[in-house]
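Throughout, read-outs are computed from the coordinates displayed, never taken from laboratory work. The structure displayed is predicted, hence computed values, not measured ones. Here Cβ is always computed from backbone atoms with ideal geometry, including for glycine, and neighbour counts include all displayed protein chains.
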Amino acid sequence: MLVNRILLLVTCCLFLFGASHSQAVEVPQDATKFHLFLLAGQSNMAGRGKVTESDRKVDPHVLTLNKKGKWVNAVDPIHFDKPGIAGVGLGKTFAKAYAASHPGITVGLIPCAVGGSPISAWEPGGYHPSTKTHPYDAAIERTHLAMKTGTLKGVLWHQGESDCKAELAVVYKEKLHSLIRRFRKNFNARGLPFIAGQMGQFKERPWNADKNQINIIHKTLPSEVSLTGFVNSNGLTHKGDKIHFDSESYRELGRRYHTAFEAIQSTAQN
């Protein structure tokens, strides 16, 4: 009987804990003080890191748009592309760093990454069969919904692994540049910053020629498309699967994305 009571108490506590983070919250009434960031790409943007207690702590200045299109407190995992698999990603750390450097601002994350999605799924009508989703179309719809209450400030992109094949790598550059143009047109923001992250550099899984080609496209993006950035993955480690970063590496990526974003902003203002 005592054991059953303890189990009931623990269950109730977990329910209340989860509910406190999933309930809708109030957003700033002034849209200029609610800065939005679209998180797009595949699994290393969605995040696959192990979630710890610290990742579940609420920061009142960081919100996320949940699957139902409601603003809630941002606690990892914030993505829902693959329930039970999604974990710590770079988004929350990026947002916390951004909020800390912009007093009075609340950050709204728009998680739209889909694990395993090739860049072809990030075109109008593009379909990803394994998750039965339309990544690009969903991202446009969710971002427009978010923009009813906030101001879109940038797109954070981490993708490429699914296109590391000879027939796909050769067309990746045009598809990536077209994606940026479409985002800017769809959101009526010609100067919308776009930041691409480098794929994992893991010695246990050496890159082939196709992966090197995709990497060069990401790395040279800032010199070819205005107001874009590149974030390196130097020194970061994987979670043991030779594909996905571990939790601390995702957090470091978040900090690097923030540094890259501020650099773009500084350039735009000069």
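Applying the criteria of a DSSP loop state and at most 10 other Cβ atoms within 10 Å to the trypsin sites (Lys or Arg not before Pro) of segment 39-96 yields Lys68. For Lys239, the lysines whose Cα falls under 29 Å of its own Cα, not counting residues fewer than eight places away in the same chain, are Lys50, Lys57, Lys67, Lys82, Lys92, Lys96, Lys132, Lys165, Lys173, Lys203, Lys211, Lys219. The ranking of His134, His258 from fewest to most other beta carbons within 10 Å of each one's beta carbon is His134, His258. Is any helix in the chain, taking whole DSSP H runs, at least 24 angstrom long along its axis by alpha carbon and on average at least 0.5 on the Kyte-Doolittle scale, and which ones? Membrane-span-like by this rule: 2-22.
Place a +1 charge on the Cβ of each Lys and Arg in segment 2-269 and a -1 charge on the Cβ of each Asp and Glu, then give the dipole magnitude about the Cα centre in debye, rounded to the nearest 20.
That gives a dipole near 220 debye.
Where only DSSP H runs of four or more residues are counted, the chain gives -12500 deg cm²/dmol as its mean residue ellipticity at 222 nm, each run worth -39500 (n - 2.57).
In Å³ and rounded to a whole number, note down the convex hull volume per residue for the Cα atoms of the chain. Once divided by residue count, the hull of the chain is 140 Å³. Among the GluC sites (Glu not before Pro) in segment 109-211, those placed in a DSSP loop whose Cβ has at most 12 other Cβ atoms within 10 Å are Glu204. Looking at segment 171-270, the trypsin sites (Lys or Arg not before Pro) that sit in a DSSP loop and have at most 12 other Cβ atoms within 10 Å of their own Cβ are Arg190, Lys203, Lys242.
Exposure proxy for Ile140, Ile195: other Cβ atoms within 10 Å of each Cβ, ordered fewest to most, give Ile140, Ile195. Which shape class, rounded, prolate or oblate, goes with segment 21-150 when its Cα gyration tensor gives a ≥ b ≥ c as root eigenvalues, a/c under 1.5 marks rounded, and past that a/b bigger than b/c marks prolate? Oblate, since a/c reaches 1.5 and b/c is not below a/b.
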